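The values are calculated or read from the model by the stated rules, or taken from the named source; none is laboratory data. Just so it is clear, the structure is predicted and the values come from calculations on it, not from any experiment. A quick note on method: Cβ atoms are made from the backbone with ideal geometry, for glycine too, and the neighbour counts reach across all protein chains shown. Keep in mind that these areas ignore ligands, DNA and RNA; they rest on the heavy atoms of the full protein, side chains included. Shrake-Rupley method; radii C 1.70, N 1.55, O 1.52, S 1.80 Å.
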Amino acid sequence: RHIEAQIIFDTHGNGVFLGERDCSLQRRHQKLVEETPAPGFTDEQRSELGRAALAVGRAAGYVNAGTVEFLLDTNGDLFFLEMNTRIQVEHTITEETTGIDLVVEQLRVAAGEVLSFDSIERTGHAIEFRINAEDPSSGFLPTPGKLSMYREPAGPGIRVDSGVRQGST
């Protein structure tokens, strides 16, 4: 499985692990579904992941929000994959379960301020789905064009972060 850890560090030596996301459902190395908390992930695995992710950030002298990615094998062992030194599109599900606006927190860190929290308590569950313009009859190759019909989901607990609308190209 592909498990990633959201972390953030400020310039005052503070670092916080904000939880994990399961990004295992992919096509052509592109994430399609992200979920937090990761299904079937134990508290012990979560603690180990958090310690490892924070250790990577500290070793690099990192300051900012970042994502440390790991592979989880069938024995439950974690293996470091890479660190993304930026906010990622799936940060929104971490925001939904922590109540922390990560973009605002990044701006605070960039201004030299101390993190506004030193630990988090997650609540709930969040799933992100990415919608792609693809042609199933052509092996799901990307198929750009005009959106002739587009209706966003709505209702309680639904968050939509989109840059398109009906008629967009």
*Which pairs have Cβ atoms under 7 Å, sit 6 or more apart or on different chains, and link a residue in the range 6-19 that is closer than 12 Å to residue 61 by Cα to one that is aromatic (Phe, Trp, Tyr) and buried (at least 21 other Cβ atoms within 10 Å of the Cβ)?*
15/9
*Which residue pairs have Cβ atoms closer than 9 Å, lie 6 or more positions apart in sequence or on different chains, and pair a first residue in the range 34-61 that is farther than 14 Å from residue 21 by Cα with a second residue that is of a type in the set (S, T, N, Q) and assigned to a loop (DSSP other than H, G, I, E, B)?*
60/85
*Under the condition of being open to solvent by less than 10 Å² (accessible area, probe 1.4 Å) and part of a loop (DSSP other than H, G, I, E, B), which residue from the range 5-54 is nearest to residue 114 (Cα to Cα)?*
10
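Looking at the range 112-132, can you tell me whether even one residue there is touching a residue at least 60 places away in the same chain (Cβ under 8 Å), over 25 Å from residue 40 (Cβ atoms) and among the charged types (D, E, K, R)? So that I can check it myself, show each step before the final result.
First, pick out the residues of the range 112-132 that are touching a residue at least 60 places away in the same chain (Cβ under 8 Å): 112-115, 117-120, 122, 125-130, 132.
Still in the list and also over 25 Å from residue 40 (Cβ atoms): 112-115, 117-118, 132.
Restricting the remaining residues to those that are among the charged types (D, E, K, R) gives 113, 118.
Scanning the range 112-132, I find at least one residue that is touching a residue at least 60 places away in the same chain (Cβ under 8 Å), over 25 Å from residue 40 (Cβ atoms) and among the charged types (D, E, K, R), so the answer is yes.
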*Only one residue in 54, 102 is within 15 Å of the chain's Cα centre (by Cα) and farther than 30 Å from residue 136 by Cα, so which one is that?*
102
